[in-house]
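Take a look at the structure set out below.
The values are calculated or read from the model by the stated rules, or taken from the named source; none is laboratory data. In this text, all values refer to a predicted model and were calculated from it rather than measured experimentally. Cβ sites come from the backbone with ideal geometry, for glycine too, and all protein chains shown count toward neighbours. Only protein heavy atoms, including side chains, enter the accessible area calculation; ligands, DNA and RNA are left aside. Shrake-Rupley method; radii C 1.70, N 1.55, O 1.52, S 1.80 Å.
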Amino acid sequence: MGVFDGSSGPAKLQQGGTFSANPVSMVAGRVSMEHMTEAAFERLERMGDWLRRELAAAIKMRQAPYVVTGAASLLRIHPKRRMPRDYREAYTQPGEAASIREMGRFFASEGIIFPAAGTACLSTAMSEGDLENVALVFERYLAVESTL
């Protein structure tokens, strides 16, 4: 972390961000990390695996133009028919971005905040019911989208 230290002159590496050096965020992050256990990480991984499988099954059932990527508690829904192999292929084109925005609006209308980029991060506070709800809302979105 010394490369970011600017207390005795210019830092060797500049860094900035919304919560950089915010004491409340720092304490919250530390407390969160102290409470993470191996079991919590394993649960998050199972949750991510389950949700990605459910989303992929909905896509396959509808033959929708989406794929799901991710690992552990992270996932991303790509508005593409083929799995991206690198960051260039993962880049969302304008028409694809419109599709993801519409999906986000649909999720919001169902009470779920889904980030505009189609990415999500699961948390230990989520229940099986929360995950099932995400999967059901996505299935409903695909059903509605296919009629447009």
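In this rough spin-label picture, where each label sits 7 Å from Cα along the Cβ direction, the residue 140-residue 124 distance is 3.1 nm. Note on the chain: Cα Rg divided by 2.2 N^0.38 Å, N the number of residues, gives 1.27. Accessible surface ranking for 49, 5, 1.4 angstrom probe, highest first: 5, 49. Rolled with a 1.4 Å probe across the full set of protein chains, the surface gives residue 147 an accessible area near 110 Å². Comparing 126, 26, 83 in a Gaussian network model of the chain (Cα springs below 10 Å), the most mobile by mean-square fluctuation is 26. For region 29-138, applying the loop criterion from DSSP together with a ceiling of 16 other beta carbons within 10 Å to the chymotrypsin sites (Phe, Trp or Tyr not before Pro) yields 91.
Qualifying trypsin sites (Lys or Arg not before Pro) in region 1-107, where qualification requires a DSSP coil assignment and no more than 10 other C-beta atoms within 10 Å, comprise 12, 82, 85.
Maximal additional length on extending the residue 4-residue 83 stretch stands at 24.8 nm, based on 0.36 nm per residue less the C-alpha distance. Within the accessible surface of region 1-141, defined with a 1.4 Å probe on protein heavy atoms only, the carbon and sulfur portion equals 58 percent. For the chain, modelled as a GNM whose springs connect Cα atoms under 10 angstrom apart, the maximal fluctuation among 72, 98, 58 occurs at 98.
Size descriptors for region 29-104 (Cα atoms only): Rg and Dmax, in that order, 15.2, 43 Å. Computed from Cα positions, the angle between helix 94-109 and the longest principal axis of the chain comes to roughly 90 degrees.
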